[in-house]
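Encoded as structure tokens, the structure appears first; notes follow it.
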Amino acid sequence: MQIYMPTNVYSENNCVMNHKKELAALGNKALLVTGKHSSQANGSLADVKQALQEEGISYVVFDKIEENPSIETVMQARELGVNENVDFVVGIGGGSPMDAAKAIALMVANPKEDESILYEAREFQALPVAEVPTTAGTGSEATPYAILTIHARRTKQSISYRIYPALALLDSKYLKTESIDTLVNTTVDALAHLIESYLNTNANSYNRMYSEKGLRLFAEMKDDLLQCRRFGGEPRQTLSDEVFDKLMQMSATAGMAITHTSTSLPHGLSYAVTYELGVPHGKAVGIFLPGFLTFYQEKEDVRAVLRQMCFASVDDFTEYMDELLGKVEISDDLWKKDVEMIMGNQAKLKNYPFTMDEETLYKFRR
Ligand code: NAP
Ligand code: ZN
């Protein structure tokens, strides 16, 4: 058994300002990588700028990261980073800017290489990366993964490199500008990480600690989330500070879980659904969770997952997920291609701890 979590993770109020010295210690000039709007609205970008200014560290901003970031955007940011001679990268935002920051850090550190190195053997080093999450879902601040869209293949895939952030600064106040849809989708992504890590060929009693903790956190606030969905207003009007803190903690813990095991079938099946139908990542994964638990519901490990979430049965879990998340229509054609693709994806299949055949996998769509 092995446990390896090299990222220095802090989680508290005013986290960025409190740890400005550790942030500044990563280099002399930073590339701040963000999405188009949200980091300005929730205050995270302003906090990072202020922290760096107070420490006398200069920076440039690349704020064009799209959802499900593409290789093309990573290369555009690389150009800015190389021209500006940056020596560390700060990802600020949801999983998209955080993942992009890791890939950009690799490309800036190797200015003579083209994008093909992203998916080749891991022989190059990346610049140091810090991450400031503003969604509670991907846990990218605590994982070494970076998932990019490959338009040429009409799908998404994690780059070959494992780039652990040096520093992760978590402050749940940034979550308060989220819409109910973004909040629910991202929470379900974190939930999927916890479940797919627990029910995983690579799971052991060390790394299951993360899933167990995260699933208990989810159980403590799952009713608040459903109330918030039913209320239909903004999450900050119905959820307490304590719930926002728990969401942030659950997400980072779930990131630590998949760092040790990777994900499994729901994630594998989600990528084509996101690419072809534009369904957000968390929702595209979440629609496959009931199927993931259904076919082996008599196994003790599946029962343990349900117990930790405080659901009496898979049916109760399914009912909850349907109301929280809603459904997605997947055409027969897309579903056939998706299933065939996964049946040929040994990396995802081998993580599933039970037997899986094509006929059973077909039933994951409800
Ligand atoms: P995201 O794609 O980063 O962001 C989704 C939307 O939420 C964007 O419109 C973004 O706006 C907005 N947003 C972000 N923070 C917000 C806030 N505090 N308030 C209001 N809006 C906010 O979503 P995500 O689900 O966090 O990340 C998904 C990506 O992460 C996918 O590419 C997925 O494959 C990847 N992922 C990575 C890992 C990993 O281990 N590395 C794990 C799971 C998933 P802006 O565009 O304006 O910022
Ligand atoms: Zn995910």
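Readers should treat all values here as calculations from the given coordinates under stated rules, not as data from a laboratory. Small disclaimer: the values here were computed from a predicted structure and weren't measured. Heads up, the Cβs are rebuilt from the backbone with ideal geometry, glycines too, and the neighbour counts pull from every protein chain shown.
In order along the stretch 230-246, phi translates into HN-Hα couplings of 5, 5, x, x, 7, x, 5, 7, 10, 9, 7, 4, 4, 5, 4, 4, 5 Hz, rounded to whole numbers, per the Karplus curve 6.51 cos²θ - 1.76 cosθ + 1.60 with θ = phi - 60° and x for Gly and Pro.
Cα centroids of the stretch 15-78 and the stretch 245-261: 22 Å apart. Each 10 Å bin, from zero up to the one with the longest distance, holds this percent of the alpha carbon pairs of the stretch 153-307: 11, 37, 38, 14, 0. Express the Stokes-Einstein translational diffusion coefficient of the stretch 234-366 in µm² s⁻¹, to the nearest whole number, given a Kirkwood radius over alpha-carbon pairs, 4 °C and a viscosity of 1.567 mPa s. Diffusion coefficient, whole number: 80 µm²/s. When you filter the GluC sites (Glu not before Pro) in the stretch 263-305 for DSSP loop state and at most 13 other Cβ atoms inside 10 Å of their Cβ, you are left with Glu298. Note on the stretch 53-154: Cα convex hull, mean projected area over all directions, 6.9 nm². Net length available on complete extension from Thr155 to Phe124 is 8.7 nm, with 0.36 nm assigned per residue and the Cα-Cα distance removed.
Taking only the alpha-carbon positions of the chain and ignoring solvent, what does the Debye formula give for the base-10 log of I(q)/I(0) at q = 0.09, 0.12, 0.15 Å⁻¹? Debye intensities relative to I(0), on a log10 scale: -0.47, -0.85, -1.33. Applying the Karplus relation 6.51 cos²θ - 1.76 cosθ + 1.60 with θ = phi - 60° to the stretch 16-21 yields 3J(HN,Hα) values of 5, 5, 4, 10, 5, 5 Hz, where x marks Gly and Pro. Its Cα centre serving as origin, the chain has a Cβ charge dipole (Lys and Arg +1, Asp and Glu -1) of approximately 280 debye. Cα centroids of the stretch 79-112 and the stretch 287-366: 35 Å apart. Over the stretch 273-335, the reciprocal of the mean inverse Cα-Cα separation, the Kirkwood hydrodynamic radius, stands at 12.7 Å. Once divided by 2.2 N^0.38 Å, the Cα radius of gyration of the stretch 248-303 becomes 1.26.
Where both bridge residues fall in the chain, DSSP classifies roughly 15% of the beta bridges as antiparallel.
In this structure, the amide hydrogen of Lys29, modeled 1.01 Å from its nitrogen in the peptide plane, lies closer than 5 angstrom to those of Asp87, Phe88, counting only residues at least 5 positions away or on a different chain. Ordering Thr294, Thr186 by the number of other Cβ atoms within 10 Å of each residue's own Cβ, fewest first, gives Thr294, Thr186. Note on the stretch 15-132: with charges restricted to the Cβ of Lys and Arg (+1) and Asp and Glu (-1), its dipole about the Cα centre is near 320 debye.
Computing Rg and the Kirkwood Rh from the Cα coordinates of the stretch 293-366 gives a ratio, Rg/Rh, of 1.00. Annotation: amide H of Gly43 has no partner in the under-5 Å range at sequence separation 5 or more or interchain, hydrogens built in the peptide plane. Inverting the pair-averaged 1/r between distinct Cα atoms of the stretch 74-215 gives 16.2 Å as its Kirkwood hydrodynamic radius. Projected label points at Phe231 and Asp357, each 7 Å from Cα along the beta carbon direction, are separated by 4.9 nanometres. In plain terms, the bigger the Kirkwood radius, the slower the diffusion; for the stretch 149-224, with that radius from Cα pairs, at 10 °C and 1.306 mPa s, Stokes-Einstein puts D at 104 µm²/s. Placing a pseudo-label 7 Å from each Cα along the Cα-to-Cβ vector at Thr201 and Ala347 gives an inter-label distance of 1.4 nm.
Quick one: of Lys20/Lys176; Lys36/Lys337; Lys49/Lys102; Lys337/Lys363; Lys283/Lys336; Lys29/Lys102, which pairs are farther than 25 Å apart, Cα to Cα?
In this structure, Lys36/Lys337 exceed 25 Å between Cα atoms.
Label separation (Arg307 vs Asp223): 2.1 nm, computed from points 7 Å beyond Cα along the C-beta direction.
In this calculation the C-beta distance from Glu66 to Tyr10 is compared with R0 = 22 Å, giving a FRET efficiency of 0.20. Taking packing as the residue-averaged number of other Cβ atoms within 10 angstrom, the listed peptides 303-312, 23-32, 340-349 run from highest to lowest as 23-32, 303-312, 340-349.
Each Cα pair of the stretch 1-66 feeds into the Kirkwood radius, which the Stokes-Einstein equation turns, at 37 °C and 0.692 mPa s, into a diffusion coefficient of 249 µm²/s. Per-residue 3J(HN,Hα) values for the stretch 147-159, derived from phi via the Karplus relation 6.51 cos²θ - 1.76 cosθ + 1.60 with θ = phi - 60°, read 9, 10, 7, 10, 4, 4, 10, 6, 7, 10, 7, 6, 5 Hz in sequence order (x marks Gly and Pro). At full extension, Glu113 and Lys299 could sit 62.1 nm farther apart than now, given 0.36 nm per residue minus the alpha carbon distance. Taking amide hydrogens as placed 1.01 Å from N in the peptide plane, the amide H of Ser160 sits under 5 Å from those of Tyr119, Glu120, each at least 5 positions away in sequence or on another chain.
Note that the stretch 219-267 carries a Kirkwood radius of 12.4 Å, evaluated over its alpha carbons pair by pair. For the stretch 1-119, the equivalent ellipsoid built from the Cα gyration tensor has semi-axes of 22, 17, 16 Å, listed from largest to smallest. Considering only Asn68, Ser240, Val9, the residue lying farthest towards the positive end of the dipole of the chain is Val9, judged by Cα position with unit charges set on Cβ.
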